[in-house]
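Structure record follows, encoded as C-alpha cells.
Each value in this text was obtained by applying a stated rule to the coordinates, not by laboratory testing. All figures in this text were calculated on a predicted structure; none of them were measured in a lab. Note that each Cβ is placed from the backbone with ideal geometry, even for glycine, and that neighbours are counted across all protein chains shown.
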Amino acid sequence: MPGCHYNINLHAFLRKVARSPRSALLLDYDGTLAPFRTERHHAYPYPGVTDLVREIMETGRTRVAFVTGRRAHELLGLLGLSPAPEIWGTHGLEQLRSDGTYHVREIDPLTREALSQAYRWIDGLQVLHRLEQKPGSLALHWRGLSVAEAQEIRSNVLRGWRPIADRADLTLEDFDGGVELRTPLCSKADAVRTILSQTYADAPVAYLGDDEADERVFDSMEERGLRVLVRPHWRETTADLWLRPPAQLLEFLSDWLKACRGPYTRHPHVTFTSTAGEGCVIREA
C-alpha cells in the first residue's frame, strides 16, 4: 500500500474516551457492522456486535448513532437493540431518535416526479424485484448475479437514469452491489456534520465506514475525529485506521467499552501497527 500515511495513536485516543464524560461513536451498517448479503433483509450484524454496541450505549457516556443508506426503521429491525438507538437513515434524510420520534425531510415535487420516471424505467426493464424504494431515493441491487449479468443490468439502468438525474439534478452513484438515484438534499457527510455540531468540540468522536460514501464522510471530518475504515481488503483511503472485520472490529468495540467503564489500559494480547506497508491495523500478537 504505497503512499499510505497514518498519524494516529489509538491508545491515546482511547485514553481520551476513558477520561471524557461524553463521546460519540458513529457507525455505518452494511459492510461495516454487517457482512453483505444477497438477501439484504437478512444482513444481520457480525456475532457479538449488537451486544457490544448495547453495552456501550448502557454506559451512558457515548452517543451512539447509526448513519446508513438503509431506511431507518428497516435498520432498527436488523439491529435488534433495545432501547432503540439513534438512526440517521437514507443518507441522513430520515432521523429516528432514541426516544422513538421520527423526522423525514420533505421531497420537492420535481424530485418526486423524476423518481416516478425512474421507477417506470425499471418497471420497463422488468427488474422491479431488485428495486429498493426509499424516501427521495431508488436503489437497484444486483448482488448475487454474475459479473456479466450485473454489467448488463447496470448499463440498461443507467441508460434511463442518467438523463433523469441530469434533468432533475439528482445524485447518481454506485455502491457495493448496485446503483442509487437520490436527492442531493442530504448525504451521510451532512448527517455527520450535524451530529458533530451538536457535540462538544473536545469530545472524542469516531466514525466507522467501508465504502465511497463513507470516504466522503472521512474527508468532511478532517481533524475532528477518528476515521476508521472497516473492510476485509485494503483500499486507498483517507481514514486514520483500517480494521478487518469481524475480529478487529470486535476488538475495537470491546476496547471502547472498556474505556467507557473506567481508565483505559492497553489490551495485553493485541498490538497496533501504523506503517506504510499495512496501514494502521490491529494484529494479533
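Rg and Dmax of the chain over Cα atoms: what are they, in angstrom?
Calculated on Cα positions, Rg and Dmax stand at 19.4, 60 Å.
Calculate the tail of P(r) for the stretch 166-246: the fraction of all Cα-Cα distances greater than 20 Å, expressed in %.
Within the stretch 166-246, distances greater than 20 Å cover 40 percent of Cα pairs.
Under 5 Å between amide hydrogens, which residues at least 5 positions from SER23 or on another chain qualify, with H placed 1.01 Å from N in the peptide plane?
For SER23, whose amide H was placed from the backbone, the distant partners under 5 Å are THR62, ARG63.
Would you mind telling me which residue in PRO45, PRO83, PRO35 has the biggest mean-square fluctuation in a Gaussian network model of the chain, where springs connect alpha carbons within a distance under 10 angstrom?
Of the options given, PRO83 has the highest mean-square fluctuation.
Just going by the charge dipole of the stretch 109-182, with Lys and Arg at +1 and Asp and Glu at -1 on Cβ, which of LEU145, TYR119, ALA165 is farthest out on the positive end?
TYR119
Given the Cα-Cα distance of ALA12 and GLN198 and 0.36 nm per residue of separation, how much length would full extension add, in nm?
64.6 nm
Rounded to two decimals, what ratio of Rg to Rh does the stretch 17-118 give with C-alpha atoms and a Kirkwood Rh?
In the stretch 17-118, Rg relative to Rh is 1.04.
Can you report the principal axis dimensions of the stretch 54-207 using only the alpha carbons, biggest first, rounded to whole angstrom?
Principal extents (largest minus smallest coordinate, Cα): 51, 33, 26 Å.
Dipole of the chain, Cα-centred, from +1 at each Lys and Arg C-beta and -1 at each Asp and Glu C-beta, to the nearest 20 debye?
Its charge dipole is roughly 580 debye.
Which order results if HIS233, HIS11, HIS141, HIS42 are arranged by neighbouring Cβ count within 10 Å, fewest first?
Final ranking by Cβ density, sparse to dense: HIS233, HIS42, HIS11, HIS141.
Karplus couplings for the stretch 14-22 from phi (6.51 cos²θ - 1.76 cosθ + 1.60, θ = phi - 60°), rounded to Hz, Gly and Pro as x?
Working through the residues one at a time gives 5, 5, 5, 4, 5, 7, 7, x, 9 Hz.
For n ≥ 4 DSSP H runs only, could you compute -39500 (n - 2.57) per run for the chain, divide by its residues and tell me the 222 nm figure to the nearest 500?
Calculated from helices alone, the mean residue ellipticity at 222 nm is -11500 deg cm²/dmol.
Could you tell me the ratio Rg/Rh of the stretch 109-182? Both radii from Cα atoms, Rh via Kirkwood.
With Rg and the Kirkwood Rh in hand, the quotient comes to 0.94.
When we measure straight from the Cα of LYS16, which lysines land under 26 angstrom away, once same-chain ones fewer than 8 places off are left out?
LYS188, LYS258
Take every DSSP beta bridge with both residues inside the chain and express the antiparallel ones as a percent of the total, to the nearest 5.
Approximately 55 percent, going by the DSSP bridge assignments.
Sorting ASP255, ASP202 on the 10 Å Cβ count, fewest up front, what's the list?
Least crowded to most crowded, the residues run ASP202, ASP255.
List, in order, the whole-Hz ³J(HN,Hα) value for each residue of the stretch 82-97 obtained from phi through the Karplus relation with A = 6.51, B = -1.76, C = 1.60 and θ = phi - 60°; use x for Gly and Pro.
These are the phi-based 3J(HN,Hα) values: 9, x, 5, x, 7, 10, 9, x, 6, 6, x, 5, 10, 10, 10, 7 Hz.
Apply the Karplus curve 6.51 cos²θ - 1.76 cosθ + 1.60, θ = phi - 60°, to the phi angles in the stretch 224-236 and return the couplings in whole Hz, x for Gly and Pro.
6, x, 7, 9, 10, 8, 10, 6, x, 10, 5, 9, 4
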